[in-house]
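The values are calculated or read from the model by the stated rules, or taken from the named source; none is laboratory data. Keep in mind that this is a model prediction, so the values were computed, not measured. In this analysis, Cβ positions are derived from the backbone assuming ideal geometry, glycine residues included, and neighbour counts consider all displayed protein chains.
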Amino acid sequence: MRKKRLMVVLFALFFILAVSPASYAKIVLKCGTSTQPTHIYNLAAEHFGKIVAEKSAGEIEVQVFPASQLGSERDMVEGLQLGSLEMTLTSTGPMGNFVPQVKLFNLPFLFKDRESCYRVLDGEIGTQIADRFVKVGIRSLGWYENGFRNITNSKVAVNSPEDMKGIKIRVMEDDVFILTMKALGASPLPMAFGELYTALEQKTVDAQENPLAVIHSSRFFEVQKYLAMTGHFYSPAVLLISEMTWQKLTPEQQKIVSDAAVQARDFERQLSLKADQELEAACKKEGMTVTHPDKAPFAKAVASVYSNPSVIKAIGGGNAEEGQKLIDAAIAAAQ
Ligand code: EAX
């Protein structure tokens, strides 16, 4: 009899624990990135996690996994679609494979300065493109920043497009990047970021291009002698959450997550600006030879990318007319 009563009590206890709010399984949002732990993506993702933890009273925990531990940027976005990963902060490098309109932001020399980037990304064009992600199972929580990209290499001080002739350069996995480097006379090789350091070290490629924050945190100065401040692409980043994860959150939790994402975005953009102001000197200090080429001949050399029919069609999601409209609108808004 005693035993029976004990069983009933245990059962009741189990039931209470199973349904009471105190025993809600904590929500863990794993957030993967491709870059090193000290890179601005990871500092921002940690900051985002801190805000979310505070606002949710510990109910939601963000765990950051840097350095391609959870796969390449493309793998991670696929993980979001499958529901095997909750979040990622990624460049737009692989995003054109999911939503072709994103290729718009991969066009060289599209933006004049940071203000122009934010105007386009946070405005109508950026919002409309970000909204398309939901249809493919991912949701944008805001445009973050990777930064203006500069060229590093192990062969020659780059002062003009002519210096790029025959240089083997790693690019992100999108045809707009490939076409741009071909237009400069270089030999582009698309490759995931996680393989890049080794490829530079083993001289599989001579060159790569990335924002200063990536170049410095990845210690590319150990394997690259020359840095040319070309700023040829502005590289946005985007904080993404799996739509499956998003739909499991309550409206209150969704609000906490999306508000924190905006705060962390502003924080990250500040870090990115600071990186651009400080890291050129830091790379010099590490032994890099830095050049500041005139950008006009580079812009002229890559102008053909804008009139490439396959690029225009891709940006329009398979419709050339739509693509041209989007390009024209972006140019107008970016000026
Ligand atoms: O998102 O692949 C790249 O070069 C990216 O700039 C980097 O992974 C940060």
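General observations
- Selection within region 206-240: residues that are away from the ligand (no atom under 12 Å from the Cβ) and in a helix (DSSP H, G or I). The member of this set that is surrounded by the fewest Cβ atoms within 10 Å (Cβ to Cβ) is Glu222.
- Some residue of region 54-64 being part of a loop (DSSP other than H, G, I, E, B), touching a strand residue (DSSP E or B) at 6+ places or on another chain (Cβ under 7 Å) and not acidic (Asp, Glu): no
- Counting only residues that are in a helix (DSSP H, G or I) and of a type in the set (S, T, N, Q), region 241-255 holds 4 of them.
- Selection count, region 156-179, where residues are basic (Lys, Arg), in contact with a strand residue (DSSP E or B) (Cβ under 9 Å, 6 or more places away or on another chain) and either within 11 Å of the ligand (Cβ to nearest atom) or part of a loop (DSSP other than H, G, I, E, B) (or both): 1
- Unmet criterion (only one of (1) touching a residue at least 24 places away in the same chain (Cβ under 8 Å); (2) assigned to a helix (DSSP H, G or I); (3) surrounded by fewer than 19 Cβ atoms within 10 Å (Cβ to Cβ)) for Lys203: (2)
- The condition (being in contact (Cβ under 8 Å) with a residue 24 or more places away in the chain, over 25 Å from Ala183 (Cα atoms) and within 24 Å of the chain's Cα centre (by Cα)) is satisfied by just one residue among Val238, Val302, Val214: Val238.
- Residue check for Gly287: surrounded by fewer than 21 Cβ atoms within 10 Å (Cβ to Cβ) and not in a helix (DSSP H, G or I): yes
- Within region 180-203, if we keep just the residues that are of a type outside the set (A, V, I, L, M) and within 15 Å of the ligand (Cβ to nearest atom), the residue that is nearest to Pro66 (Cα to Cα) turns out to be Gly194.
- Residues that are assigned to a helix (DSSP H, G or I) and among the basic types (Lys, Arg) were ranked within region 121-155; the one that is nearest to Ala237 (Cα to Cα) is Arg132.
A quick yes/no check of all residues on (1) over 19 Å from His39 (Cβ atoms); (2) more than 14 Å from the chain's Cα centre (by Cα); (3) in a loop (DSSP other than H, G, I, E, B); (4) modelled with pLDDT under 95:
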position: Arg74; (1), (2), (3), (4): no, no, no, no
position: Leu80; (1), (2), (3), (4): yes, yes, no, no
position: Gly93; (1), (2), (3), (4): no, no, yes, no
position: Gln101; (1), (2), (3), (4): yes, yes, no, no
position: Leu104; (1), (2), (3), (4): yes, yes, no, no
position: Phe111; (1), (2), (3), (4): yes, yes, yes, no
position: Tyr118; (1), (2), (3), (4): yes, yes, no, no
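- Filtered by the rule that a residue be more than 16 Å from the ligand (Cβ to nearest atom) and closer than 21 Å to Ala264 by Cβ, region 86-104 gives a lone residue, Glu86.
- Taking every residue in region 163-181 that is on the phi < 0 side of the Ramachandran plot and modelled with pLDDT of 95 or more and pairing it with any residue that is basic (Lys, Arg) and surrounded by fewer than 22 Cβ atoms within 10 Å (Cβ to Cβ), at least 6 positions away or on another chain, the pairs with Cβ-Cβ distances below 7 Å are Ile167/Lys155; Glu173/Arg74.
- Of the residues screened, Lys135 is not one that is more than 16 Å from the ligand (Cβ to nearest atom), of a type in the set (Lys, Arg) and modelled with pLDDT under 95.
- Residue that is in contact (Cβ under 8 Å) with a residue 40 or more places away in the chain and surrounded by fewer than 24 Cβ atoms within 10 Å (Cβ to Cβ), where the choices are Pro108, Pro100: Pro100
- Only residues that are under 19 Å from Arg132 (Cα atoms) and without any contact (Cβ under 8 Å) to a residue 12 or more places away in the chain were counted across region 241-276, and they come to 2.
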